[in-house]
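Laboratory data are not the source of any read-out in this text; all were calculated from the coordinates shown. Just so we're clear, the structure is a prediction, and the values are computed from it rather than from any experiment. Reconstructed Cβ throughout: ideal geometry from the backbone, glycine too, with neighbour counts over all protein chains shown.
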Amino acid sequence: MHKHFEVVIYTASLSKYANPLMDMMDTGEWCHGRLFREHCSFINGVFVKDMSLLGRNMKDVIIIDNSPTSYMLQPECGLPILSWYEDMKDRALFDLIPLLVQLS
């Protein structure tokens with residue numbers, strides 16, 4: 001998707017755990033940025049990803065997340081996806097590609 005979008009990984013995980021995993025996954029440096037738990041807001045007992053931290057116009061931002069509470073500050077940017085739990089046949093993210101290309 002890096003050909004169509006500026007890709008930023010935003011996780012509620014701590015950077016000390018997520019960075020090594022992202023380094024293994026993003027060997028081609030396709031991801032333009034990384035945000036972690038320390039970039040989240042803690043609201044009503046949950047970590048919320050505040051997309052305004054990107055400094056982009058919200059009309060140009062899409063967040064794909066399995067938890068609607070993660071994007072409750074900018075619900076208009078949210079694209080829900082089913083959770084992934086070690087299912088090697090999971091294709092949910094791949095299935096979004098045609099939609100994302102069309103939106104680009």
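Just a few scattered comments:
- Reachable lysines from residue 16, criterion Cα separation under 25 angstrom, eight or more residues apart if same chain: 49
- Between segment 77-91 and segment 1-45, the alpha-carbon center distance in angstrom: 16 Å
- Diffusion coefficient, µm² s⁻¹, Stokes-Einstein with Kirkwood Rh over alpha-carbon pairs of the chain at 25 °C and 0.890 mPa s: 167 µm²/s
- Counting only Cα atoms, segment 63-104 measures 32, 25, 7 Å along its principal axes, largest extent leading.
- Taking a straight line from the alpha carbon of residue 89, these lysines sit under 26 Å away, with near neighbours fewer than eight places off in the same chain left out: 3.
- Dimensions (Å) - segment 38-79, Cα atoms, principal axes, largest first: 28, 19, 12
- For the peptides 55-62, 69-76, the ranking by mean Cβ contacts within 10 Å, running from highest to lowest, is 69-76, 55-62.
- Gaussian network model of the chain, Cα within-10 Å springs - most flexible of 13, 83, 41: 83
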